[in-house]
1. Select the helices (runs of 4 or more DSSP H) contained entirely in region 193-285, then report the ones holding at least 1 residues which are at pLDDT below 95 and farther than 30 Å from Lys171 by Cβ.
2. Please count how many residues of region 146-161 are charged (D, E, K, R) and either surrounded by 20 or more Cβ atoms within 10 Å (Cβ to Cβ) or under 15 Å from the mean Cα position of the chain (by Cα) (or both).
3. Under 9 Å between Cβ atoms, which residue pairs at least 6 apart in sequence (or on different chains) link something in region 20-34 that is closer than 15 Å to Asn184 by Cβ and of a type in the set (Val, Ile, Thr) with a partner that is away from the ligand (no atom under 14 Å from the Cβ) and outside any loop (DSSP other than H, G, I, E, B)?
4. When you check Ile42 against the structure, is it more than 16 Å from the ligand (Cβ to nearest atom), closer than 25 Å to Lys161 by Cβ, modelled with pLDDT of 80 or more and β-branched (Val, Ile, Thr), yes or no?
5. Residues in region 79-88: is at least one assigned to a helix (DSSP H, G or I), modelled with pLDDT of 85 or more, in contact with a Phe, Trp or Tyr (Cβ under 9 Å, 6 or more places away or on another chain) and more than 16 Å from the ligand (Cβ to nearest atom)?
6. Could you please give the count of residues in region 94-139 that are at pLDDT below 95 and under 14 Å from the mean Cα position of the chain (by Cα)?
7. Taking the residues in region 16-39 that are of a type in the set (Ser, Thr, Tyr) and in a strand (DSSP E or B) as candidates, determine which candidate is farthest from the ligand (Cβ to nearest atom).
Amino acid sequence: MGCPLGGKEAYRQKFVVNGYSIMNCTECQHAFTDITLKPQEIKEIYSDRYFYGGKYGYPDYTLEKDILIRRGEKYAKLLSRHLQPGLLLDVGAAAGFIMKGFENAGWRTMGIEPNEHMAVYGRENLHMDIRTGTLEEASFAQSFDLVLLIQVIAHLFDLGKSMKHVSEKVKEGGYVLVETWNKNSLSARLLGQYWHEYSPPSTLNFFSKKSLDLLMGHYGFRLISRGRPGKKILGEHARSLLRYKFESSKSLKWLKGLERIIPQKARIPYPSEDLFYAIYQKNTK
Ligand SMILES: [Zn+2]
């Protein structure tokens, strides 16, 4: 095994989280796990507990409906500087809220989501075209003007196969929007192994801006722009993150007390200095 971004087999163990080793590539600084998940394990990770159970996922994802629809609208506005609305694929679409935001801005949308409950919710309540499944196993007849990988790239259990699919399914000159967590951010460096994104086996790859560019370049995409989403999450989600994340750390246990002072229904700006988005365009041949 080597770094999933290629190169030599030069890496060292950074730390162990949830019993899984997280490695750091000494060449490109990409961090990754060496876990090969079985289909049953993938099913288990994205079971309803992910969306309703707290811990790695959300206390109740559907409560964030309005926030996520607005986020979709914002991203659509951002992308309108580069291309006209067309057909997009949202990978890991969950209940289709972000898709809905894009639809409001004139896009036609398709989604794929491993959690059956979420996909059904999106199909029945929002009339979104969401398939149940994973990008690794999916095949689409269409090609897309835009593919959304919003907080999903770290979770892909076969990064190479997924990215090959993406590069084949994006039209010449089409776009990919990636939103992910920055392993070189201040909070990631301060928190070390307690950083929220180090949650294997749910997350498997941990990108920096540079290592994401490297991956995308490998599959024929070049960087167009990059920035920070002004992310808001519900108080309840923040409480759940704090509860789970700091339970296990002796030195950070005092932070758990913060949970009590965050109102459950409040919309709070999440300190997103560790989150970024990047827009890539497919190179024309
Ligand atoms: Zn590497």
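The values are calculated or read from the model by the stated rules, or taken from the named source; none is laboratory data. Worth saying up front: this structure is predicted, and the values here are computed from it rather than measured. Reconstructed Cβ throughout: ideal geometry from the backbone, glycine too, with neighbour counts over all protein chains shown.
1. Qualifying helices (runs of 4 or more DSSP H): 235-247, 258-261.
2. Step one: list which residues in region 146-161 are charged (D, E, K, R), which gives 158, 161.
From the residues that got through so far, the ones that are either surrounded by 20 or more Cβ atoms within 10 Å (Cβ to Cβ) or under 15 Å from the mean Cα position of the chain (by Cα) (or both) too are 158.
The qualifying residues number 1.
3. Ile22/Gln13; Ile22/Phe15; Ile22/Val16; Ile22/Gln193
4. Values: more than 16 Å from the ligand (Cβ to nearest atom): yes; closer than 25 Å to Lys161 by Cβ: yes; modelled with pLDDT of 80 or more: yes; β-branched (Val, Ile, Thr): yes.
Judged against the criteria, Ile42 is a match.
5. At the first step, the residues of region 79-88 found to be assigned to a helix (DSSP H, G or I) are 79.
So of that shortlist, the ones also modelled with pLDDT of 85 or more come out as 79.
So of that shortlist, the ones also in contact with a Phe, Trp or Tyr (Cβ under 9 Å, 6 or more places away or on another chain) come out as 79.
If we keep only those that are more than 16 Å from the ligand (Cβ to nearest atom) as well, we get 79.
Looking for residues that are assigned to a helix (DSSP H, G or I), modelled with pLDDT of 85 or more, in contact with a Phe, Trp or Tyr (Cβ under 9 Å, 6 or more places away or on another chain) and more than 16 Å from the ligand (Cβ to nearest atom), one finds at least one in region 79-88, hence yes.
6. Number of matching residues: 5.
7. Within region 16-39, the first condition is being of a type in the set (Ser, Thr, Tyr), and the residues that meet it are 20-21, 26, 33, 36.
Those still in the list that are in a strand (DSSP E or B) too: 20-21, 33.
Working: Tyr20: 18, Ser21: 16, Thr33: 14 Å.
Ranking the candidates gives Tyr20 first.
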